[in-house]
Every structure is written in C-alpha cells, then in structure tokens.
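These notes concern the structure reproduced below.
The values are calculated or read from the model by the stated rules, or taken from the named source; none is laboratory data. Keep in mind that this is a model prediction, so the values were computed, not measured. No Cβ is skipped: glycine too gets one built from the backbone with ideal geometry, and neighbour counts run over all protein chains shown. All accessible areas refer to the heavy atoms of the entire protein, side chains included, with ligands and DNA or RNA removed. Shrake-Rupley method; radii C 1.70, N 1.55, O 1.52, S 1.80 Å.
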Amino acid sequence: MNLPGWAREPLVHFIVLGAALYVALTWGGSPPDPASRVIKVGASEKEKIAESWTLTMGRSPTDAELDQAIDAYVREEVLYREALRLGLDESDAIVRRRLVSKMDFSASLAAETAEPSEEVLRAFLKENPELYADYGTENSRVSFDQSFFSSEAEARVALSSGANAGEATSLPASIETTAMRDVEARFGQDFVSGLNVLEPGDDWQGPLPSGFGWHLVRLRERATEPPDFESMRGALANDWRNAQIKTRKERAYEVLRSAYRIDIDR
Amino acid sequence: MVDEKYAGQEKIVRQLWKTLSVASVLAVAVAACSESEPTVSETQSGDGTDTVELAEFPDRPYWGDTHLHTDNSVDAFGFGTRLGPEEALRFARGEKVTATTGAETQLSRPLDFLVIADHSDGLGATRRLYDAPRWYVNWVMGDETVLRWYDMMHESPEQSTKAVGELISAAAEGNVPEAFADPEAAAEATKDIWNTQLSILDRYNEPGVFTALAGYEWTAMPNGNNLHRVVMFRDGSDKTRQTVPFPGISTTAPQLWEYMRAYEKETGGRVLAIPHNPNVSNGLMFQMTMEDGSPMTPEYAALRAWAEPVVEVTQIKGDSETHPYLSPNDEMAGFGVKGWELGNLPLTEKTVPSMYAGSYARSALLRGLTLEAQMGVNPYTFGMIGSTDSHTSLATGDEDNFWGKHTGNEQAYTDRANKGQNLGTREGRFGWHYLAGGYAAAWARGNTRAEIFDAFARREVYATTGPRMTVRIFGGFGFTEADLDGDWVRTGYTRGVPMGGELDDQGDAPSFLITAMKDPDGANLDRVQVIKGWLDASGQMQEQIYDVVWSDMDSRRRSGGRVPAVGDTVNRDDATYSNNIGATELRTVWTDPNYRPGQRAFYYVRVLEIPTPRWTLFDAVRFGVKLSDEAMADAVAQERAYTSPIWLQSKS
C-alpha cells in the first residue's frame with residue numbers, strides 16, 4: 001500500500017491522532033475529567049462497549065454480557081478517576097514511562113512497515129556517507145599468501161633473509177578472493193587491521209601480528225568495489241527504516257514540545 | 001493439516017491457544033499493519049541456493065546462535081525485554097543497539113547466523129496481555145490469577161519477573177488458568193506474528209554475509225522437566241509461511257516430529273529440531289524407553305535420529321556435556337554444573353543421581369550405543385552445539401559482555417551474580433550459576449540458509465562455551481603425521497569423514513586428524529582431549545578421556561596418568577589474564593590405543609582454554625561488587641569446545 005507523501009508526515013499523524021482523541025474524549029459529553037463525579041453511560045457508550053466486545057469476541061454480546069461489560073466499564077472509570085485524583089499517574093514512574101513509550105510507538109508505527117522507493121534510498125545513501133564509510137573495506141576481497149612465525153624476531157629474520165617458509169600451522173597458506181569479514185573470522189582483528197594498510201604487490205611484507213603470532217604476507221590482490229547501490233539496497237532499506245523510526249519519534253516530540261514553554265532554572 | 005492424525009492434534013492446539021494466548025485485542029490492529037510488508041529480493045527470501053560461490057570443502061566455521069528470545073516470547077517480555085526481532089538481528093550482525101535497561105551495546109565481532117527461537121506457546125501473549133486494557137483482563141478474561149499477573153507486570157520490573165516466574169511454574173505444573181479468550185483470534189495473532197517475523201528475517205538475510213534462519217522454540221515441560229526443542233528451518237519464507245509454530249505445552253516430542261514430517265511432505269522443505277539444555281530434564285530427555293515407559297521401538301528411534309541430529313549441550317542455563325557423578329574419572333567434568341544439578345527447571349522436583357544419565361549428552365551417546373545393540377537403530381546419534389538462550393534479544397556469548405539471562409538481570413543490576421534467581425524457583429540457584437552462554441560453529445561451504453542448515457543436518461558442527469576456537473577432526477584409517485603436513489583438509493575429506501560422520505569398522509584401530517586453533521582474539525589453549533565411549537565385550541557402557549596433545553608437552557610431562565594443570569594467570573583484582581601460558585594451536589594425529597574389533601564406539605574432541613575470568617569476575621571489577629565466597633571460587637574457568645562425535649559402526 002503506497003500512501004501519498006503527506007500521509008506519512010508525523011505532524012499529520014499527530015493531528016489525526018489528536019482529532020481522534022478529541023472526538024473520543026468528548027463523544028457523548030463525558031470526558032474523563034477526574035474532577036467530575038458524573039459517569040454517563042448513554043446509548044453511545046453502550047454502543048462503544050458492545051462494539052469493543054464484538055471486535056474481540058467475533059459476536060455481539062448477550063444482554064447479560066453487555067450488562068457485565070457496562071459494570072466493568074463503570075468500575076474501571078471510577079478507579080481510573082480516583083487514581084488520577086490521587087495523582088498516581090504523576091508519582092508512578094512506571095505509568096509515566098509506559099505512556100511515553102506508547103506515544104513513541106504511535107509515532108514510529110507507520111515507518112515500520114513503509115516501503116522506501118529507490119529515490120529515497122539513494123538520497124539516504126548520499127546523506128549518510130559515514131554509515132557506509134567502511135562498506136568498501138568490509139566487502140573488499142583479498143588474495144594473499146602468508147607464513148607463520150611464533151616470534152616477531154624469527155619473522156624479521158626470515159623476511160630479511162628471503163627464507164619465507166614459516167612454521168607448520170593449520171592456517172591456510174593461501175587465501176583466494178575472500179571477503180575481509182571471512183579473513184577476520186579466521187585470523188582475528190589485529191591481523192585484519194594490519195592487512196588493511198598493506199599495498200598489494202609481489203613482495204613479502206610484514207610481519208603482521210595476530211592472536212596466533214606473527215605473519216609474513218604477500219598480498220597479491222585487493223579488490224575494493226565502490227559501494228554499489230544494488231548490493232547495498234537491503235542494508236540501506238533496513239537502516240533507512242531504523243533512521244525513520246528514530247526521526248519520527250524526535251520530530252513528533254518536537255511538535256509536541258513546541259506547544260510548551262520550558263522554563264529551566266539552571 | 002492434511003493428515004488425519006492431525007484432527008486430534010488440532011483440538012489440542014486450539015485448546016492451547018485458548019489457554020495461553022490470552023488477550024487478543026490487539027490482534028486486529030497488528031494484522032492491519034502487516035499487509036503492506038516491504039518486499040525483498042528472491043536472494044534474500046530464498047534458501048540461498050546458487051546465490052554465493054561455494055568453497056570446495058567447508059573452509060571455515062561460521063558462528064551463530066540458534067536460541068535467542070525477543071519480546072515475542074511470553075517470558076522474555078514478562079521479564080522485561082522491549083527489544084524485538086529487528087533489534088536482535090541488527091545486534092547479531094554486529095550493529096550497536098540500546099538494551100532495554102538503557103545502555104548501548106555491541107558485539108566485538110558479528111555473528112554469521114541467527115535463529116530467533118521465541119516460544120511457540122502463547123507467541124506474543126504476554127505482550128498482548130500487557131497491552132490489553134485492564135477492564136478487558138478483569139472482566140472478559142475473568143480470571144483472578146491472570147489479573148494479578150497483569151497488575152504485577154505493570155507494577156515494576158521486579159514484580160513482572162515474579163509474575164512470569166509464576167506463569168512458568170503454572171505451565172510446568174500444567175495449571176495455566178483457563179482464561180477465556182477466542183481461540184480463533186489468538187491463532188490468527190500467532191500466525192500474524194510468525195509471518196511478520198518471516199518478513200523481518202528475509203530483510204536481514206544476506207547470503208554470504210549474514211544468515212537469518214526461521215525457527216521457534218517448542219516448550220514441552222511435563223511437571224517442570226525441561227524437554228524443550230528449538231525447531232529450525234532450512235527454507236525461505238515461501239515455504240515457512242505455509243506452517244505455524246507448533247505448541248509444546250500439551251503435545252509430545254513424537255507429535256512434534258510428525259508435525260515436522262508433515263511440513264516436509266507438504267512443502268518439500270527441510271526442518272530439524274534441537275533438544276536443548278537437557279540438564280534440567282530430570283532424566284527425561286534421553287530415556288532408554290519411549291515417553292510412556294514402554295520399550296523403545298526401532299521406528300521411534302529412527303524418527304528421533306532423523307528429527308534431532310544436533311543437541312544444544314551448553315548455554316546460559318548450564319552445561320550438559322556430562323556430570324561428575326557420571327564421569328568420576330573426568331577431572332574437567334564439573335563445568336557449568338552447579339545449581340543446575342539440583343532439580344528440574346522450576347525446582348519443583350529434585351534430581352536424584354539415577355536421573356543424570358538421561359540428562360547429559362555423553363551418557364545419552366552411550367545409551368544410544370546400547371539401544372542400537374538391542375534393536376539395530378541408534379536414536380541418539382547427535383552432534384553438539386552451544387547457544388545462548390538469552391531472553392534479552394541480545395545474542396551475547398562473551399564473558400566480558402554478558403547481558404544476562406533476561407532483562408531482570410542485565411548489567412544495570414550490578415549485584416546480579418550474588419542474587420538468588422527466581423526463574424520460577426524460590427530457592428537453590430544464584431546468579432553466578434549462569435554461564436555467559438555458548439555459540440554454535442558450523443563447518444559450511446558458504447554462509448547461506450541451505451549451507452548452514454545442511455552442516456547441522458550432517459552434524460558437521462561443534463559447541464563452544466563462547467570463545468571462537470577453530471576445531472577440526474577427521475576420522476579414518478591409517479592417518480599419519482605426514483598427512484597433517486600436507487593438504488590435510490583434502491586428505492580428511494577424501495580418505496576419512498569429518499565430525500558428525502560415521503566409519504565402518506574395518507578391523508583396524510581408527511585414527512584421527514585433529515587440529516585446534518585458539519580464538520584469534522581470545523585465550524590460548526591448554527589441551528585437546530579425545531573422549532571415547534564404547535560398549536565393552538559384555539555390553540557395558542564405558543568411557544575414557546585421552547589427553548592427546550597439550551601445550552608445552554616437553555615440560556608438562558604426564559605424571560600418574562595425568563597431565564599437570566596448565567597454570568592460572570588470572571588476576572582476581574582486575575579480571576585480566578596473560579596469554580603467556582598455553583598454546584596458540586594444537587594438532588596431532590591420534591590412533592585409538594584401546595580399539596577392539598567389533599566394538600561400537602564414538603569419539604569426540606574436547607578443547608580446553610587456559611583459565612580466564614568468568615562474567616562474574618568482570619562484573620565484580622566493573623561494578624565494584626564483592627562476590628560471595630562461593631561465587632568467587634567459581635569466578636575463573638576453563639572455557640571449552642565440544643565437537644560432534646565420529647561413530648565407529650560395527651558391521652554386525
């Protein structure tokens with residue numbers, strides 16, 4: 001379902017939500033005013049209670065069920081107003097937090113299921129280059145040979161003497177066009193940071209430290225593809241969605257906040 | 001369901017929904033939102049076949065967690081987590097998320113795959129209950145207990161945890177209140193959550209980079225004895241949308257296997273089940289009989305072996321490899337046992353030693369050999385993995401990044417190690433009994449749903465208690481040291497079988513190529529052991545631990561048949577250790593010195609790290625908490641890995 005742009009604006013949501021709330025609260029002329037001692041259950045309230053029942057149960061309530069539902073409504077209304085009168089909503093941190101998260105949730109709901117267009121995603125990529133700064137490195141593929149030494153000194157001696165054969169190890173001697181994330185899983189973070197700054201060539205370089213020891217490396221190839229939109233599309237959509245949820249919460253808050261005069265005694 | 005058998009099944013299912021899927025008022029609202037799910041490419045929504053270039057042989061272990069709960073789980077939500085599947089996936093992929101209790105958190109290294117395993121019973125029910133208006137709970141559901149839970153959930157996180165503890169106890173004891181709800185609407189809600197979940201999984205599933213597998217947890221718990229299974233699918237959402245999670249509370253494992261068979265028949269897909277932490281099953285997970293106590297049939301054994309190729313042997317709620325009572329000659333057997341050996345999950349039934357054999361993996365493997373000798377089929381031919389069973393949506397297995405079993409003991413609760421823990425229990429267990437959780441390693445040719453699942457199905461997987469050490473074993477005949485120096489992986493695959501494989505007895509002692517490398521970003525290794533289980537000439541079950549290679553073998557000479565301890569570099573004051581003891585890599589070729597022709601046997605490898613701080617010690621230092629004497633005595637441990645076994649099959 002594709003909604004027009006204006007329908008996705010949080011401001012619109014809040015106006016609609018506010019209007020709905022206003023209607024709900026004033027419907028039948030009985031706003032939940034804690035100061036009021038009148039609880040009116042007229043035809044419209046009855047209808048609402050019956051509707052709610054039908055929605056949940058898949059059938060209309062019997063007369064007895066409706067009477068019970070009305071009693072429950074009245075009881076809840078009485079206790080709710082008494083709670084407000086006692087100021088329980090203000091002093092109860094849990095209630096406050098719950099209400100806050102409900103407001104946040106209503107602001108972000110639409111974004112969770114929205115489907116961004118290609119245009120939107122391209123714009124998002126352009127606006128957030130920092131999110132994808134490492135995308136090229138993480139997805140670059142390398143080919144290299146390595147030989148292993150348990151001490152740095154031995155590795156240096158081997159490098160200068162040209163006798164590059166190292167010690168026996170289960171680490172592969174050669175890696176062919178493998179993504180850096182896979183290299184990291186096998187050789188660890190230190191090794192990958194070292195490898196990232198080497199220039200490809202035919203010479204043995206190093207030694208690079210790893211969690212295992214020291215490595216001489218012949219980095220034969222590094223293919224770093226510039227971030228390609230198609231391959232990033234899924235990640236972009238997920239990130240965009242998350243950013244949207246966050247922004248919507250913030251903007252919704254800004255809209256509400258602008259109606260207050262905030263006076264902080266600093 | 002097409003099978004006639006399912007007519008009765010459906011009744012049970014309906015009743016369950018009626019019982020557990022309490023408030024369904026929000027079902028309509030949720031359903032309305034999910035119509036416009038974002039679409040994803042076929043590459044992401046499929047099983048990954050033909051999407052990435054595959055290696056000739058599995059080239060590295062892929063790391064994952066098959067047992068993670070989000071806010072869709074009845075208990076996880078009740079315990080307080082407010083993070084959903086999307087945050088869970090982002091976190092597992094290595095991104096930073098904000099935990100429910102407020103702090104930002106991230107994995108130091110991303111995982112390669114994830115199974116979100118929310119409880120199929122009452123999927124989303126506590127969330128729906130929590131979100132329902134109070135009058136609805138009070139009057140429509142009309143159950144005093146449910147209303148009390150509702151109020152407790154809203155009162156405070158502590159009360160919420162308590163309420164869900166009671167709910168678990170009630171479920172364990174089979175008296176969840178018959179709260180009045182419309183089963184149709186609740187079933188609809190479950191289906192809706194499942195489908196929404198599948199869409200989210202597809203969005204984060206990226207062949208070659210990160211695999212999001214569909215799954216859930218089936219939670220049978222007769223009398224509180226834990227028989228849970230994680231159900232895991234190989235398939236894309238085109239197939240998994242054709243099923244819904246199968247409830248566990250009043251169904252049995254054979255019924256679950258029937259459900260799995262029906263799924264495969266209906267869709268052409270693949271599914272498997274993973275029994276998890278059998279340590280609190282009070283001997284029921286691996287019985288010598290059928291569930292009802294009658295003698296086991298070959299049909300039952302074959303079905304079980306097909307359905308459950310892998311067992312989760314280590315997780316937050318303790319370690320289920322073996323128990324010191326079962327393995328008195330195993331000096332490393334006590335890991336992750338304390339607290340969990342006392343009784344079943346809610347501690348309503350104490351464990352007596354005769355129950356241990358049915359609760360631990362090694363004894364189950366041995367029982368399998370006996371049952372095979374009796375009826376020709378081995379029901380317990382399983383591989384081994386670890387996972388977290390975290391209920392915080394955060395798949396953390398590292399000791400220095402433990403986010404707690406549930407939100408009620410996240411890092412915000414700084415004294416969590418010393419506190420009694422009340423997961424439906426009132427006595428006996430403390431925070432420090434929890435492990436930080438484990439991970440599953442899968443030897444696969446590439447990172448896709450199909451490849452990861454197939455590694456599980458052929459048992460080419462292993463368990464670790466968190467560290468990512470690389471462990472490999474090939475079994476065959478006539479392997480020599482020279483084989484290790486050459487292209488040993490090719491040799492292993494062409495002349496032998498990898499972990500999880502089976503060898504036919506050829507009248508010679510089997511030999512094994514074994515390599516273990518430390519976690520590249522973790523602690524050094526102490527030793528590699530081969531654990532052999534077999535039936536002796538009189539049919540008795542036997543086990544033996546062989547130290548086959550260890551660090552500094554020249555100076556650490558065996559004495560009295562034992563390898564001396566590796567040492568301990570842990571500084572108790574600042575939770576650090578030094579990697580100046582132990583080895584970075586251990587490898588050997590080992591031939592069974594006690595082989596007898598015709599013996600039924602299994603062999604698996606256990607790799608031990610040098611001692612390192614447990615999460616409790618990190619907590620003590622980070623939060624300035626003083627651990628109790630008992631907790632302090634347990635604050636340093638040797639983390640480990642368990643491979644799947646290789647079986648030696650007798651020709652008889």
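Here is how the numbers come out for the structure above:
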{"item": "With all protein chains modelled, accessible area of A:Tyr73 [1.4 Å, Å²]", "result": "60"}
{"item": "Shape call, chain B: gyration tensor on alpha carbons, a/c limit 1.5", "result": "prolate"}
{"item": "Total accessible area lost when B and A pair, probe 1.4 Å, Å² to nearest 100", "result": "3800"}
{"item": "Cα-Cα P(r), the stretch A:160-216, percent of pairs per 10 Å interval", "result": "19, 60, 21, 0"}
{"item": "Fraction in percent of alpha-carbon pairs per bin - 10 Å, the stretch A:125-266", "result": "10, 30, 21, 14, 11, 8, 5, 1"}
{"item": "Heavy-atom accessible area, 1.4 Å probe, ligands and nucleic acids excluded: residues of the stretch A:187-213 down by at least 30 Å² from chain alone", "result": "A:Gln189, A:Gly211, A:Phe212"}
{"item": "Inter-chain shielding of A:228-237 (mean C-beta neighbours from other protein chains, 10 Å cut-off)", "result": "3"}
{"item": "Among A:165-178, B:509-522, the order from most to least packed when residues are scored by Cβ within 10 Å on average", "result": "B:509-522, A:165-178"}
{"item": "With at most 13 other Cβ atoms within 10 Å, longest stretch of chain B clear of loop GluC sites (Glu not before Pro) (DSSP)", "result": "B:428-652"}
{"item": "For the stretch B:295-337, Kirkwood radius (reciprocal of mean inverse C-alpha pair distance, Å)", "result": "12.5"}
{"item": "Test item: A:171-180 mean partner chain Cβ contacts at 10 Å", "result": "2"}
{"item": "With Cα atoms, 0 to 90° folded angle of helix B:298-307 axis to chain B main axis", "result": "80"}
{"item": "The stretch B:209-251 versus the stretch B:43-122: alpha-carbon centroid distance in Å", "result": "15"}
{"item": "Length-normalised contact order for the stretch A:108-266 - Cα pairs under 8 Å, 6+ apart - percent", "result": "31"}
{"item": "Shielding by other protein chains, B:40-49, mean Cβ within 10 Å", "result": "1"}
{"item": "Helix-only CD estimate at 222 nm, as mean residue ellipticity for chain B, using -39500 (n - 2.57) per DSSP H run (n ≥ 4)", "result": "-8000 deg cm²/dmol"}
{"item": "Rounded percent of accessible protein surface that carbon and sulfur make up, the stretch B:411-509, 1.4 Å probe", "result": "47"}
{"item": "Percent accessible area from carbon and sulfur atoms, the stretch A:176-266, protein chains only, probe 1.4 Å", "result": "47"}
{"item": "Burial of 10 Å² or greater, the stretch B:577-625 residues [accessible area, probe 1.4 Å, versus chain by itself]", "result": "B:Thr584, B:Glu585, B:Arg587"}
{"item": "For chain B, with +1 on Lys and Arg beta carbons and -1 on Asp and Glu, the positive-most of B:Gly438, B:Gly478, B:Met553 along the dipole", "result": "B:Met553"}
{"item": "Mean separation of Cα contacts under 8 Å (6+ apart) over length of the stretch B:292-362, as relative contact order %", "result": "30"}
{"item": "Degrees between helix B:253-267 axis and first principal axis of chain B (Cα, 0 to 90, nearest 10)", "result": "80"}
{"item": "For the stretch A:150-261, with +1 on Lys and Arg beta carbons and -1 on Asp and Glu, the positive-most of A:Ser258, A:Gly206, A:Ala163 along the dipole", "result": "A:Ser258"}
{"item": "Coil-residue trypsin sites (Lys or Arg not before Pro) of the stretch B:350-448, DSSP, other Cβ within 10 Å capped at 16", "result": "B:Lys419, B:Arg426"}
{"item": "Accessible area of the stretch B:546-647 belonging to carbon and sulfur atoms, whole % at 1.4 Å probe", "result": "46"}
{"item": "The stretch B:335-481 shape via C-alpha gyration tensor axes, a/c threshold 1.5", "result": "oblate"}
{"item": "Gained length - B:Asp552 relative to B:Val352, 0.36 nm times residue gap less alpha-carbon distance", "result": "67.9 nm"}
{"item": "For the stretch B:251-313: Kirkwood Rh in Å [reciprocal of mean 1/r, alpha carbons]", "result": "12.7"}
{"item": "Cα-Cα over 26 Å, subset of A:Lys249/B:Lys191; B:Lys162/B:Lys338; A:Lys249/B:Lys96; B:Lys317/B:Lys419", "result": "A:Lys249/B:Lys191"}
{"item": "Per residue value of the accessible surface for the stretch B:69-170 (all protein chains in place, 1.4 Å probe), Å²", "result": "30"}
{"item": "Rounded accessible area per residue of the stretch B:286-366, 1.4 Å, Å²", "result": "33"}
{"item": "Listing of the stretch B:118-145 residues, each with accessible area lower by at least 50 Å² in the full protein assembly than in the chain alone (probe 1.4 Å)", "result": "B:Trp135, B:Trp139"}
